[in-house]
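Step one of this worksheet: look at the structure below.
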Amino acid sequence: MISTRHTRALLRGLLLGAAVGVSACDVPEVGELETLYAEPAERREVRLLGPGETLGGVLEESLDRGQQQAVLLAFEEQASPRRLKVDSEIVLRFVGENTLRGVDVVLNPDETVRVTKGPYAWASSVVRTPTRIDTLMVAGSIEQSLWASLMENADLVDMPYADKGILVDELDKVFQWQLDFSRQIQPGDEFRVVFERQVRPDGTMRGGHVVAAEFVNVGKPYRALWFDPNGDGEGSYYDEEGNSVRRSFLLKPLTFRRISSRFSNGRMHPVLNRIRAHRGVDYAADSGTPIMATADGVVQHRGALGGLGNAVVIAHANGFTTRYGHMSRFSAGVRVGSRVSQGDVIGYVGMTGLATGPHLHYEMIRNGTHVDPLAVDLPNGDPVPSEVMDRWTAELTPRIALLEQIAAPGEVRTAQPEPQLPPGDDRMADGAGDPPDDPPLK
């Protein structure tokens with residue numbers, strides 16, 4: 001028997017002989033190796049849950065009754081199989097000929113329940129879809145509406161349609177205290193947006209927020225820059241001077257809706273057919289559209305209110321009251337005495353009471369007198385706190401730089417031409433135009 005030591009010595013000798021006997025130019029020829037195809041570690045079958053189907057029914061094809069129950073029990077540790085929706089994606093993972101080793105059930109775009117067979121039992125866990133962070137930089141001009149300008153924007157050609165809708169809503173929320181996009185924007189208005197988002201592997205967006213934005217309305221620029229004074233992720237928007245763009249009231253209680261009737265002391269009522277004061281603003285919207293509280297306050301009334309049908313009345317600070325009429329239904333938790341915050345959904349558009357079609361009737365009352373919600377002057381929110389002003393200043397510069405590096409719509413950037421010398425001027429030919437040599441060191 002050859003010892004280990006002798007074996008190692010023999011290998012060293014062979015390797016040394018190979019190194020000495022083969023020069024750099026004398027490479028031994030080898031034949032092509034035959035391609036090897038490895039069997040996949042597992043085989044996957046993707047099923048979509050059909051109408052009337054259950055997870056247990058899908059498992060029947062691959063498992064006996066006892067194993068089906070074991071998988072369902074493991075799944076129930078994370079979610080209810082009875083709440084799976086039609087078209088829920090179920091991935092069956094097989095090894096060998098036909099042995100089921102795991103089941104993945106997609107609950108939503110961000111969560112999947114994975115059930116895997118262990119040595120003794122089935123175990124489950126929730127797998128969260130990974131995301132990456134990227135930053136969109138978009139510019140555009142208004143021809144018809146903000147919605148159309150963003151939906152057809154060349155910079156967003158690869159962005160899913162639903163995610164473009166989210167971007168429109170986010171931009172509307174940023175400027176909702178300064179501009180009413182349903183009535184104030186005009187053809188020729190321009191915008192620039194820096195938008196940070198979380199992107200899933202399939203290209204869809206989990207979430208995102210506007211970092212910086214500029215909207216030029218009839219020649220007047222509005223800027224909003226995101227800043228988080230408390231460092232808790234619940235930031236707000238400020239102008240370049242650190243003043244809050246937020247106001248005590250939203251300009252409107254609905255996102256992106258057409259005004260169908262304005263505040264008036266004398267209007268022909270469409271149902272009563274007589275001249276009558278219209279002490280509010282009507283917003284045409286589809287039934288079921290969410291209605292937001294325009295400011296923080298306490299609910300004074302929830303229920304039927306004469307011609308307003310189902311209505312909510314909210315009392316606010318400084319003598320203000322708002323009324324929301326013709327609702328189809330109220331939000332859960334909205335009741336007399338409950339507190340609401342600005343932007344909370346308090347109910348949904350309908351056509352209860354004296355209404356010829358679905359819309360929201362919105363009123364604002366100050367110290368007992370009706371005022372026009374579209375004309376009242378409302379105070380701004382709090383500015384950047386003085387104790388974090390240094391951090392605000394440090395973050396302000398890069399955010400503005402991001403915004404300003406976006407080419408404005410229609411802007412053409414060209415390279416600067418080299419300076420032209422007059423005919424016959426040959427200053428550069430003999431080095432006369434070169435920089436002087438460094439002075440000698442002393």
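Taking all protein chains together and a probe of 1.4 Å, list SER149, SER386, SER62 from the most accessible to the least accessible. Kindly include the intermediate steps, with their values, before the conclusion.
On the way: SER149 20, SER386 100, SER62 40 Å².
Output order, biggest surface exposure first: SER386, SER62, SER149.
In square angstrom, rounded to the nearest 10, how much accessible surface does MET364 have for a 1.4 Å probe?
Roll a 1.4 Å probe over it and MET364 shows about 0 Å².
Under 25 Å between alpha carbons, and skipping anything fewer than 8 positions from LYS252 in its own chain: which lysines qualify?
LYS164, LYS173, LYS220
Protein chains only, probe 1.4 Å: how do ILE142, ILE133, ILE259 rank by accessible area, largest first?
Values: ILE142 5, ILE133 110, ILE259 30 Å².
Listed by decreasing accessible area, they come as ILE133, ILE259, ILE142.
Please work out, to two decimal places, the log10 of the ratio I(q)/I(0) at q = 0.22 Å⁻¹ from a Debye calculation in which every Cα of the range 107-202 carries one identical scatterer.
Calculated log10 I(q)/I(0) at the listed q: -1.15.
Leaving out same-chain residues fewer than 8 places away, which lysines sit with a Cα under 25 Å from that of LYS117?
Straight-distance partners of LYS117: LYS85.
The values are calculated or read from the model by the stated rules, or taken from the named source; none is laboratory data. All values reported here derive from a predicted model rather than from experimental measurement. For the accessible areas, the whole protein counts, side chains as well, though only heavy atoms, and no ligand, DNA or RNA atoms are used. Shrake-Rupley method; radii C 1.70, N 1.55, O 1.52, S 1.80 Å.
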